[in-house]
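Report on one structure; see the data block that follows.
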Amino acid sequence: MELRSHIPDGPLAAKWERHRSEVKLVNPANKLKHHILVVGSGLAGASAAASLAELGYRVSCFCFQDSPRRAHSIAAQGGINAAKNYQNDGDSVFRLFYDTIKGGDFRAREANVYRLAEVSARIIDQCTAQGVPFAREYGGLLANRSFGGVQVSRTFYARGQTGQQLLLGAYQALSRQVGIGTVQMHARHEMLDLVVIDGRARGIIVRDLVTGAVSAHAGDAVVLATGGYSNVYYLSTNAKGCNVTAIWRAHKRGATFANPCFTQIHPTCIPQTGPHQSKLTLMSESLRNDGRIWVPKKKGDTRPPHQIPEEERDYYLERLYPSYGNLAPRDIASRRAKEVCDEGRGVGPGGHGVYLDFRDAIARLGRGVIAERYGNLFEMYQRITGEDPFQGPMRIYPAPHYTMGGLWVDYNLMTTIDGLYAIGEANFSDHGANRLGASALMQGLADGYFILPYTVGDYLAQAKPAKVDPEHPAFRQVRGEVGEQVRRLLAASGRKTADAFHRELGRVMWDKCGMSRNATGLKQALGRIGALRDEFWKDVYVGGKGEELNQSLEHAGRVADFFEFAELMCHDALHREESCGCHFREEYQTPEGEAQRDDERFGYVAAWEFAGAGKEPVLHKESLVFEAVHLAQRSYK
């Protein structure tokens, strides 16, 4: 297998415009003959399905939720980046590009990142035209705020519910196409496998989660927009339904998986309160605009925060990173929070927390201004914890949040299987080893609205795929394999639930392949995961039938995939003998405790090929070449 990125020639700033003008086109009348399957209906999936249908393609869109409005994109809070420079503070397309490359610790493909920065401004225009209620200044202009890892204000927002408002905009566009018949919506359907014929993706196998019926759907191209895999840790900020199944099943059919160990730990989440919890809650990074992060200077100081005087407080991010302060990038802020807690200076139950304090901002700006900016976030925090952040500081601690790894894609967002595309968080392409805040929404909408509609047409115009039918032998074979896995899960008559196995897997992954990793721990994790996987198939209990609503069966199938995927994550983390971004190998750090890259040995994308469950995956490398930026040790001091 050869990784071909298909990056266009020419100057970096001209690559995308030149590529757009040179791609092959599909005649409007011929678009009606092509059927495209879009799996996922979040920001990336909904925008892609709506845009492709608007162009004239026949589209089928699948989601496992009861409505596209329940996609996890709705949980994004803080904002979306764009290089508009409305604040006249020195922002530009190049600065957004450079901040993203640097924030990802120089482990992303340069051309893709520049394109993302380039189209960012169009996203804001598109969404404003759809009626997305972005916050505005008194005079009516769109407002901006800052996010981590940057020194400009380029983040557009709708209070603390930006993802929800953007998703409603994309959902409106999708619903319009559903209404006129160009998109066929399949809610409560989960993709369980990919059908590949003659090296090309030609369809998917799905299960109706209400009736249990398994069906096949054929198309000329398949688009995966199924999000990330942070739920491999069991406890994460992701919705409980988020899973790796769609992209993992595609991986097993031949799509390489890139940089799976690049997983982001978000620094501002509500700390875990006990073993009863099944998920964690994100508190937006936007809070770090006005909130100050601190811990007591003395170990074991359990006094209430209002009793700790200013001179006995350690505002450690402001002390260590004076240029960026509390808006240091997520990977750095998370590691430093863990560090002070490990020193015995953490706050709250078990010492697993740091303070996020708005006292100074309230005194400076007034309670009304803070309530206007963050009111729904403050309310959410108070409802969950019973503590009023207007009266005392929030307690926060890092938690698994976003995954930079995903299916390997080329410049056209196509995987190593012809006709199979991965967009949004499902691919690896734009964020390297660490995503900057407010860039996930930017990538999902860039891929769906402005990139995929061009590149899918280029493929269809050249490939001219022949018509296939769901009764094709390849579909019958894959459908039979899916049915066999369902029967195998139902036939297991063990004593433990899938959730119990998932919780145990998550504990192993958090301890050994979480915020920091080392070779010894990763090798231990690989041994433990293999043993747990074998135990799962022997001792899991699902119950119920396959021909009915069976959420235990849904969860068991996803957990089975998480076991296989977790091994790949640990293999990737063990292989990458350097620290970069969120991948922090304890053996490779500077004297100051910062990540120490090894550009000579690991300046590439690690794309893994599936070799069989329990077997060593096969590594393929895409070298990262930087023409417009100079490789340097990241510094935010």
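Out of the residues in the stretch 517-543 that are assigned to a loop (DSSP other than H, G, I, E, B) and at pLDDT 95 or above, state the one that is farthest from residue 585 (Cα to Cα).
542
Assess whether residue 195 counts as being among the β-branched types (Val, Ile, Thr) and closer than 30 Å to residue 32 by Cα. Spelling it out, residue 195 is indeed among the β-branched types (Val, Ile, Thr) and closer than 30 Å to residue 32 by Cα. Does the stretch 79-92 hold any residues that are out of contact with any strand residue (DSSP E or B) (no Cβ under 7 Å at 6 or more places or on another chain) and either in contact (Cβ under 8 Å) with a residue 60 or more places away in the chain or open to solvent by 50 Å² or more (accessible area, probe 1.4 Å) (or both), and which are they? If the condition is that a residue be out of contact with any strand residue (DSSP E or B) (no Cβ under 7 Å at 6 or more places or on another chain) and either in contact (Cβ under 8 Å) with a residue 60 or more places away in the chain or open to solvent by 50 Å² or more (accessible area, probe 1.4 Å) (or both), then 83, 84, 85, 87, 88, 89, 90, 91 are the ones that fit.
For the stretch 6-16, a residue qualifies if it is open to solvent by less than 30 Å² (accessible area, probe 1.4 Å) and in a loop (DSSP other than H, G, I, E, B), and exactly one does: 8.
Taken together, the criteria exclude residue 445 from residues that are touching a His at 6+ places or on another chain (Cβ under 8 Å) and in a helix (DSSP H, G or I). Exactly one residue out of 122, 154 is among the charged types (D, E, K, R), under 27 Å from residue 63 (Cβ atoms), in contact (Cβ under 8 Å) with a residue 40 or more places away in the chain and in contact with a helix residue (DSSP H, G or I) (Cβ under 9 Å, 6 or more places away or on another chain), and it is 122.
Can you pull out the residues in the stretch 580-597 that are open to solvent by less than 40 Å² (accessible area, probe 1.4 Å), touching an Asp or Glu at 6+ places or on another chain (Cβ under 8 Å), within 17 Å of residue 102 (Cα to Cα) and not in a strand (DSSP E or B)? First the steps, then the outcome.
Kept after step one, since they are open to solvent by less than 40 Å² (accessible area, probe 1.4 Å), are these residues of the stretch 580-597: 580-585, 590, 593-595, 597.
Next, only the ones that are touching an Asp or Glu at 6+ places or on another chain (Cβ under 8 Å) stay: 580-582, 584-585, 593, 595, 597.
After this cut, where a residue has to be within 17 Å of residue 102 (Cα to Cα) as well, the list is 580-582, 584, 595, 597.
Hits for the stretch 580-597 are 581, 582, 584, 597.
Note on the stretch 193-234: among residues that are assigned to a strand (DSSP E or B) and of a type outside the set (A, V, I, L, M, F, W, C), the one that is most open to solvent (accessible area, probe 1.4 Å) is 200.
State whether the residues of the stretch 26-42 include one that is part of a strand (DSSP E or B), touching a Leu at 6+ places or on another chain (Cβ under 7 Å) and either open to solvent by less than 10 Å² (accessible area, probe 1.4 Å) or at pLDDT 95 or above (or both). Show your work before the answer.
Just the residues of the stretch 26-42 that are part of a strand (DSSP E or B), to begin with: 35-39.
In the following step, the residues that additionally are touching a Leu at 6+ places or on another chain (Cβ under 7 Å) were identified as 36, 39.
Pick out the ones that are also either open to solvent by less than 10 Å² (accessible area, probe 1.4 Å) or at pLDDT 95 or above (or both) and you get 36, 39.
Yes: the stretch 26-42 contains one or more residues that are part of a strand (DSSP E or B), touching a Leu at 6+ places or on another chain (Cβ under 7 Å) and either open to solvent by less than 10 Å² (accessible area, probe 1.4 Å) or at pLDDT 95 or above (or both).
In the set 407, 365, only one residue is open to solvent by less than 30 Å² (accessible area, probe 1.4 Å) and under 30 Å from residue 442 (Cβ atoms); that residue is 407. If the condition is being within 23 Å of residue 594 (Cβ to Cβ) and assigned to a helix (DSSP H, G or I), then the stretch 505-516 contributes 510, 511, 512, 513. Restricting attention to the stretch 51-60, the residues that are open to solvent by 10 Å² or more (accessible area, probe 1.4 Å) and either in a helix (DSSP H, G or I) or not assigned by TED's automatic domain parsing to the domain that holds residue 450 (or both) total 3.
Filtering 561, 598 for residues that are over 14 Å from residue 518 (Cα atoms), in contact (Cβ under 8 Å) with a residue 24 or more places away in the chain and out of contact with any Leu (no Cβ under 9 Å at 6 or more places or on another chain) leaves a single hit, 561.
The number of residues in the stretch 450-474 being aromatic (Phe, Trp, Tyr) and either more than 28 Å from residue 227 (Cβ to Cβ) or in contact with a Lys or Arg (Cβ under 8 Å, 6 or more places away or on another chain) (or both) comes to 2. Close contacts from the stretch 368-385, counting a first residue that is in contact (Cβ under 8 Å) with a residue 40 or more places away in the chain and among the aliphatic types (A, V, I, L, M) and a second that is part of a helix (DSSP H, G or I) and buried (at least 16 other Cβ atoms within 10 Å of the Cβ), with Cβ to Cβ under 9 Å and a gap of 6+ residues or different chains, come to 370/361; 370/362; 370/378; 377/286; 377/287.
Here the stretch 61-81 is the region considered, the condition is being part of a helix (DSSP H, G or I) and small (Gly, Ala, Ser), and the residue that is nearest to residue 186 (Cα to Cα) is 73.
A single entry from 324, 355 fulfils the requirement of being in contact with a Gly (Cβ under 9 Å, 6 or more places away or on another chain), buried (at least 20 other Cβ atoms within 10 Å of the Cβ), at pLDDT 95 or above and closer than 22 Å to residue 381 by Cα: 355.
What number of residues within the stretch 252-270 are assigned to a loop (DSSP other than H, G, I, E, B), crowded, with 24+ Cβ neighbours inside 10 Å and not aromatic (Phe, Trp, Tyr)? So that I can check it myself, show each step before the final result.
Looking only at the stretch 252-270, we keep the residues that are assigned to a loop (DSSP other than H, G, I, E, B), and these are 253-256, 259-262, 270.
Filter once more, so that each one left must be crowded, with 24+ Cβ neighbours inside 10 Å: 255-256, 259-262.
Checking the rest, the ones that are also not aromatic (Phe, Trp, Tyr) come to 255-256, 259-261.
Counting residues in the stretch 252-270 that are assigned to a loop (DSSP other than H, G, I, E, B), crowded, with 24+ Cβ neighbours inside 10 Å and not aromatic (Phe, Trp, Tyr) gives 5.
Listed by first and then second residue, the pairs with beta-carbon distance under 6 Å, at least 6 apart or on different chains, first residue in the stretch 521-544 and surrounded by 14 or more Cβ atoms within 10 Å (Cβ to Cβ), second of a type in the set (Phe, Trp, Tyr), are 533/563; 536/501. Taken as a whole, the condition of being in contact (Cβ under 8 Å) with a residue 60 or more places away in the chain, among the charged types (D, E, K, R) and either crowded, with 23+ Cβ neighbours inside 10 Å or in a helix (DSSP H, G or I) (or both) applies to residue 572.
Scanning the stretch 159-179 for residues that are open to solvent by less than 10 Å² (accessible area, probe 1.4 Å) and within 17 Å of residue 372 (Cα to Cα) yields a count of 2. Contact annotation: residue pairs with Cβ atoms under 6 Å, 6 or more positions apart or on different chains, pairing a residue in the stretch 212-223 that is under 11 Å from residue 469 (Cα atoms) with a partner that is crowded, with 18+ Cβ neighbours inside 10 Å and among the aromatic types (Phe, Trp, Tyr), are 216/475.
Among the numbered conditions (1) part of a loop (DSSP other than H, G, I, E, B); (2) touching a His at 6+ places or on another chain (Cβ under 6 Å); (3) in the same structural domain as residue 333 (by TED's automatic domain parsing), the only one that residue 397 does not meet is (1).
The values are calculated or read from the model by the stated rules, or taken from the named source; none is laboratory data. Since the structure is predicted, the reported quantities are computational estimates derived from the model, not experimental observations. Note: ideal-geometry Cβ built from the backbone for every residue, glycine included; neighbour counts use all protein chains shown. Protein only, heavy atoms only, side chains kept; ligands, DNA and RNA dropped before computing areas. Shrake-Rupley method; radii C 1.70, N 1.55, O 1.52, S 1.80 Å.
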